[in-house]
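The next block holds one structure in the form of C-alpha cells; read it before the comments.
What follows is calculated from the coordinates using simple rules that are stated; it is not laboratory data. As the structure is a prediction and not an experimental result, all values here were calculated from the model. No Cβ is skipped: glycine too gets one built from the backbone with ideal geometry, and neighbour counts run over all protein chains shown.
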Amino acid sequence: MQISQHFALEEFLFSEAAARLGLDNTPGAEELANLKLTAAFMENIRTLLRDQAIVVHSGYRSPQVNRLLAGVPSSAHCRGLACDFVCPTFGTRAEVALAILASGLEYDQLILEYGWVHVTCPSRDC
C-alpha cells in the first residue's frame with residue numbers, strides 16, 4: 001500500500017526482529033495516520049536530497065517490538081512519527097543530516113545513529 005509518492009507502508013512496518021520472533025508490528029488507526037504524515041515528511045527530505053532514493057531502516061515499532069529493541073517507552077517510533085534511514089547516493093550520513101539541519105525543515109529530533117539518520121516528524125504538522 002503506497003502512503004506517499006515514493007514510500008510504501010510496508011517500508012515503515014518491516015522489522016527484522018519482529019519477523020524473526022513472530023511479533024505483530026501492525027499499527028493502530030492513529031499510528032497509521034501518523035505514518036502517512038511521516039511519509040509526506042520523508043518526501044520533503046527526499047526532495048531536499050536531490051530526489052535521491054531513501055532506504056528506510058525503521059519506522060513504526062509496536063510497543064512489544066520497541067521493548068525488544070530496548071527503545072524508550074516514549075519513542076516516536078511507537079507513534080509512527082520517526083524514521084531511521086539512509087540515502088546512499090546522496091552522501092555520508094553526516095552529509096544527509098547536515099543537509100536536513102540547514103534546510104529549515106521542522107523536526108523534533110535529528111540524530112546520527114549507528115548506520116543511519118534518525119529523524120522525528122513533529123506531530124503537530126509534518
query: What does the charge dipole of the chain about its Cα centre add up to, to the nearest 20 debye, if the Cβ of each Lys and Arg holds +1 and the Cβ of each Asp and Glu holds -1?
result: 120 debye
- line: On the formula 1/(1 + (r/R0)^6), with r taken between the Cβ atoms of Leu98 and His6 and R0 of 25 Å, the FRET efficiency rounded to 0.05 is 0.70
message: For a Förster distance of 25 Å, can you work out the FRET efficiency between the beta-carbons of Gln52 and Ala19, rounded to the nearest 0.05?
response: 0.40
- prompt: Of Val86, Ala19, Val56, which is farthest on the positive side of the dipole of the chain, counting Cα position, with +1 on Lys and Arg Cβ, -1 on Asp and Glu Cβ, and the Cα centre as origin?
  reply: Ala19
- prompt: For helix 93-103, what angle does its Cα long axis make with the longest principal axis of the chain, in degrees from 0 to 90 and rounded to 10?
  reply: 70 degrees
- prompt: If you stretched the chain out fully between Ala33 and Gln109, how much longer would it get, using 0.36 nm times the residue separation minus the C-alpha to C-alpha distance?
  reply: 25.4 nm
At 0.890 mPa s and 25 °C, Stokes diffusion of the chain via Kirkwood alpha-carbon radius, µm² per second: 170 µm²/s
statement: Checking segment 1-82 for trypsin sites (Lys or Arg not before Pro) in a loop per DSSP with at most 15 other beta-carbon atoms within 10 Å yields Arg50
statement: If one compares the long axis through the Cα atoms of helix 29-48 with the longest principal axis of the Cα atoms of the chain, the angle in degrees, nearest 10, works out at 20 degrees
